[in-house]
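In what follows, a single structure is set out as C-alpha cells and then discussed.
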Amino acid sequence: MANRNRVIYQSEGLFVSEDASSTGVNAHEQLGRVQSANYSFTINRQDVNQYGDLARIDSLVLDPPTVNVDFSYLLADGFNERALGFFVQNSGGANTQRGGGALAYSTGSFSSGHLVATSGVNLYIVTSPDGVDLNQGGLGEALNNSDTTIGIGNCYISDYSLDLSVGSLPTVSVTMEGANMRSISDSGLTGSPAINQANGEPIGMDIELPNPTKDGGITGAYTNGGAIIALRPGDVTVSLADVAGESLADIAGDDGAHIQSVSISLPLARSPLQRLGSKFPFARTVDFPVEISMNVSAVMNDTQSANLTNILESGVQDVSFEILDPTGGDPAIRGELKSVRLDSQSFSSSIGANKTVDLTFSTQVSGPHDAENGFFMSGCGWTTVFQ
C-alpha cells in the first residue's frame, strides 16, 4: 500500500450490504450524496483486584464492545433509504408516473423492514489512494493493493432523522449500532466484518463490492433529466391543513405562518439480548413503543380563534410534506405522518427578532401492514436495490 499524507472526502465511499451474511457484488450498494461518516468502538472492561495487590491483576472484557456509526447524506429519490432497509413506496415504478401523477402511499410503513428480527447489515468505508477520486475509478475493476477498507459488522439503525430548513439542502442523518469493526489493507480482497450472533465467532468470508459511481443508484423522475443532484428548500411544500384547528397561530395555506424548518425523528432504540456462553448479543430487538416526532418552526404572522380546552379533546390528524424533483418538476419525495397528535406549541418574541411559533407533533410506529398509523414515504427513484 502506498503511503498517504492524509485522507479526505475525495478518496472515500460508503457501501452497505443487504444483510450481514452478504458476499456477492450484487448484494452491496454504494450510498449516494454522503456528506459525513463517523465511527468508533469502545471496549468495556472490568478490573480484577484482590487482597495483597494494590494494582489490578487483570482487566477482563465482560460486555460486548460498543460500536457506533453515524453518517449523513443529502435526501434524493429514496434510493439510500431503500438500501438501508426502509420501505419507500413507488420505487422501481416511478418511470410510469412521468405524466405528473401523484406518488401513492403504501400499506407498508417506512420502518416496517426494521421491525423484524435480522442479523443486521454491514457497512464498508473504502479509501482509494491519495489524490484519486474514488468515484472516478479509485477501485478500478476490483479492489487492489492501493485501496483500504474498514468494515463494520452487524449494524442496526438506532435513529433516522430528516431535516428540511430554509437555506439548507434537505439532509438525512442516520445513527447505527454495530458488533464488530475490521480493517483490511494491502489486499485485493475485503473480509467480512460480520460475526455469527449465535456463537460470537467471525464469519470470516471475503466479499466483493461494486465499482463506485458518481450517482450510485440515485435517479430522477425523468430518465432524460439525469440523476437528482440535490433537492432544494424552495421545492418543499409542507401541509398542516389537517392540524390547523389545533393551533393558536394561523398555520394553514399560503397566508398562514411562514415555515422555516421541519425535522422528523424516527428513533429505533434496541436492546441487546445476551446469554451465557456468547461474547456478543444473539439479537438486538427494537424497544417498543417507538414514537416518531415532527418539529415545525415558523415565522408567525397571525392568530386564529382557538381554545386550548377544545384542543385537548381533538382527535388524530395527518401531516405531510412533498419535495419536487428539480430535473423534472414531479414529486421526488413525499412523506406523511398519520395519526399525529399535537404535543406542544410555543411562541417566542423579542426586540429585533420576528415572532416565531414552534409546534411538536408525534405518532407511533405501528405494525408493518398498518396503513393508518406511523410514517410513510414515497420516492421517484426506479433503481432496484441488491439486484
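The values are calculated or read from the model by the stated rules, or taken from the named source; none is laboratory data. Owing to the predicted nature of the structure, the values given are computational and were not obtained by experimental measurement. Don't worry about glycine lacking a Cβ; one is built from the backbone with ideal geometry, like all the others, and counts go over all protein chains shown.
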Quiz item: From the list Leu31, Leu54, which residue is hydrophobic (A, V, I, L, M, F, W, C) and closer than 23 Å to His114 by Cα?
Solution: Leu31
Practice problem: Determine which member of the set Val34, Val7, Val16 is in contact with a strand residue (DSSP E or B) (Cβ under 9 Å, 6 or more places away or on another chain), of a type outside the set (Gly, Ala, Ser), more than 17 Å from Ser128 (Cβ to Cβ) and surrounded by 11 or more Cβ atoms within 10 Å (Cβ to Cβ). | Solution: Val16
Self-check item: From Val126, Val132, residue being surrounded by 23 or more Cβ atoms within 10 Å (Cβ to Cβ), touching a helix residue (DSSP H, G or I) at 6+ places or on another chain (Cβ under 9 Å) and modelled with pLDDT of 80 or more
Solution: Val126
Quiz prompt | Selection from the range 234-252 of residues that are surrounded by 16 or more Cβ atoms within 10 Å (Cβ to Cβ), not in a strand (DSSP E or B) and not small (Gly, Ala, Ser) | solution = Asp235, Leu240, Val243, Glu246, Leu248, Asp250, Ile251
Quiz item: Do you know which of the residues in the range 250-293 that are touching a Gly at 6+ places or on another chain (Cβ under 8 Å) and of a type outside the set (Lys, Arg) is modelled with the lowest pLDDT?
Solution: Asp250
Quiz prompt | Failed item, numbered, when Ser161 is tested on (1) within 25 Å of Glu336 (Cβ to Cβ); (2) crowded, with 19+ Cβ neighbours inside 10 Å | solution = (2)
Quiz item: Any residue in the range 59-80 that is in contact with a strand residue (DSSP E or B) (Cβ under 6 Å, 6 or more places away or on another chain), surrounded by fewer than 11 Cβ atoms within 10 Å (Cβ to Cβ) and of a type in the set (A, V, I, L, M)?
Solution: yes
Quiz prompt | Residue that is surrounded by the fewest Cβ atoms within 10 Å (Cβ to Cβ) [pool: residues in the range 328-360 that are more than 22 Å from Phe79 (Cβ to Cβ) and among the small types (Gly, Ala, Ser)] | solution = Gly352
Quiz prompt | Pairs where the first residue, in the range 305-333, is over 25 Å from Gly379 (Cα atoms) and of a type in the set (S, T, N, Q) and the second is assigned to a strand (DSSP E or B) and modelled with pLDDT of 80 or more, C-beta under 9 Å, 6+ apart | solution = Ser314/Arg341; Ser314/Leu342
Quiz item: On the given criteria, is Ser36 modelled with pLDDT of 95 or more and small (Gly, Ala, Ser)?
Solution: yes
Quiz item: Among (1) free of Cβ contacts under 8 Å to residues at least 40 places away in the same chain; (2) part of a loop (DSSP other than H, G, I, E, B); (3) in contact with a strand residue (DSSP E or B) (Cβ under 7 Å, 6 or more places away or on another chain), where does Gly352 come up short?
Solution: (3)
Self-check item: Single residue of Leu266, Leu231, Leu209 found to be closer than 29 Å to Asn180 by Cα and outside any strand (DSSP E or B)
Solution: Leu209
Quiz item: What is the number of the single condition among (1) surrounded by fewer than 20 Cβ atoms within 10 Å (Cβ to Cβ); (2) without any contact (Cβ under 8 Å) to a residue 60 or more places away in the chain; (3) over 30 Å from Thr42 (Cβ atoms) that Ala230 does not meet?
Solution: (2)
Self-check item: Filter result (surrounded by fewer than 16 Cβ atoms within 10 Å (Cβ to Cβ) and not hydroxyl-bearing (Ser, Thr, Tyr)) within the range 253-281
Solution: Gly253, Asp254, Asp255, His258, Ala269, Leu273, Gln274, Arg275, Leu276, Gly277, Lys279
Quiz item: Counting only residues that are in a loop (DSSP other than H, G, I, E, B) and under 21 Å from Ala227 (Cβ atoms), how many does the range 25-61 have?
Solution: 3
Exercise. Report the residue count in the range 1-24 for those that are among the acidic types (Asp, Glu) and assigned to a loop (DSSP other than H, G, I, E, B).
Key: 2
